[in-house]
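Undergrad: Structure below; questions to follow.
The values are calculated or read from the model by the stated rules, or taken from the named source; none is laboratory data. Since the structure is predicted, the reported quantities are computational estimates derived from the model, not experimental observations. No Cβ is skipped: glycine too gets one built from the backbone with ideal geometry, and neighbour counts run over all protein chains shown. Note: areas computed on protein heavy atoms with side chains; ligands, DNA, RNA excluded. Shrake-Rupley method; radii C 1.70, N 1.55, O 1.52, S 1.80 Å.
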Amino acid sequence: MVSCDMCGKEGEVVDAIVEGAVVQVCLSCSKHGSVIAINQPVVDKKIEQQREIEEKPEYVAVVISDFANRIKFGRERKGLKQEDLAQALAEKESVIHQLETGKLKPSFKLAKKLSVFLNIDLIETVEASSKIEKKVDFKGSAVTIGDLLKKE
Ligand SMILES: [Zn+2]
């Protein structure tokens, strides 16, 4: 049995805020002027929502693992030099070089820019739980690269 934080009476209590602090008070105290009765402490609710997101991850967008080949392919298909691509995207040439050699993984933002500009798929949506196992789904313009990569 819980007791009221205000009057000490044992019995049914409700969560309430008294002078900024969360307390548990009995029903008669909860009707008191300085008591704001609340169903659930706000903090707990937030934690619960976060947990739900963490426990039920459905799909996440990730930069695909073979971004380097795809960027190179997309750039060459457009007949662009690394320098040209760098200029078009307002990036340094060294960044493009590092991307194409796989030394630098593009940020999500940059990957989006690249995929739009080069018309390639750089972002895939995967089940969060099977991020690693999932095979990359080649489609459309990237089929050539997909075929190249199939040889093991
Ligand atoms: Zn009370």
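Undergrad: As a test question: what accessible area, to the nearest 10 Å², does residue 5 have when a 1.4 Å probe is rolled over all protein chains in place?
TA: 100
Undergrad: Mind listing which GluC sites (Glu not before Pro) in region 1-31 are in a DSSP loop and have 13 or fewer other Cβ atoms within 10 Å? Show your work: numbers first, answer last.
TA: On the way: sites: 10, 12, 19; in loops: 12, 19.
Those that pass, being in a loop and sparsely packed, are 12, 19.
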